[in-house]
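Structure first, then comments.
The values are calculated or read from the model by the stated rules, or taken from the named source; none is laboratory data. Since the structure is predicted, the reported quantities are computational estimates derived from the model, not experimental observations. Counting neighbours? That spans all protein chains shown, and the Cβs are built from the backbone with ideal geometry, glycine included.
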Amino acid sequence: MKTSLKTLAGLALATAFSSAALGAPESYVIDTTHTFPRFSYSHFGLSKQLSRFNKTTGTVVLDKAAKTGAVDVVIDMKSVDTGFSVFDGHIQGADFLDTAAHPTATFKSSKVRFEGDKPVAVDGELTIKGVTRPVTLQVTSFVATTHPMLNKDAIGANATAVIKRSEFNAGKYAPNVGDEVTLDIALEAIKG
């Protein structure tokens, strides 16, 4: 009887450790070749302009069992790509992104919200031009799978939010050039 109790206790302890290991947070490094924050805005009511940033780094931590996570992203603001090099330089000026004084923007999460097994929103703080404001990214798609080419665990997501550029001291020409800016982020990350 004592042996059976010891065996059961040992099995219970082993199970507790193995389930803790399964629920451990997993870290992913952003794939810089497939992660692009894009932004769009109204241009004098004539068209919706779409641009992106070409250099983004950071990490995502995900604990699927605990349904928690963390996102830490750095965007190189000098990598702005409007499709027209003269305008790239213009948008980097002091009236807009002021990349000479503020070469990066950051997003640091405070909470990742889940529905079932998938994250659906990421609350955090977005810093642009030294101004930090709360922003909630709505996750419109999320996939966790094995990367078919790298044979490593990977995650992919798309998320969106709307901000006012004037709240980040970048409101020149508003409202003629739209103050509301839609962020649309495509993210892929590989388990480190």
Looking at the stretch 154-192, which of the residues that are of a type in the set (Lys, Arg) and surrounded by fewer than 16 Cβ atoms within 10 Å (Cβ to Cβ) is nearest to the chain's Cα centre (by Cα)? LYS164
Taking PHE17 and the conditions (1) at pLDDT 65 or above; (2) on the phi < 0 side of the Ramachandran plot; (3) out of contact with any Leu (no Cβ under 9 Å at 6 or more places or on another chain); (4) not aliphatic (A, V, I, L, M), which numbered condition does it fall short on, given that it satisfies the others? (1)
Extreme residue, surrounded by the fewest Cβ atoms within 10 Å (Cβ to Cβ), among residues of the stretch 29-78 that are outside any strand (DSSP E or B) and of a type in the set (S, T, N, Q): THR33
Output the qualifying pairs, or none if there are none: Cβ atoms under 7 angstrom, residues six or more apart or on different chains, first residue in the stretch 26-43 and under 14 Å from ALA154 (Cα atoms) and at pLDDT 95 or above, second residue small (Gly, Ala, Ser) and surrounded by 18 or more Cβ atoms within 10 Å (Cβ to Cβ). TYR28/ALA189; VAL29/ALA189; ILE30/GLY58; ILE30/ALA189; ASP31/ALA189
When the stretch 133-153 is checked residue by residue, the ones that are surrounded by fewer than 14 Cβ atoms within 10 Å (Cβ to Cβ), more than 23 Å from GLU115 (Cβ to Cβ) and not charged (D, E, K, R) are THR146, PRO148, MET149, LEU150, ASN151
How many residues, within the stretch 53-72, are at pLDDT below 95 and farther than 15 Å from GLY116 by Cβ? 0
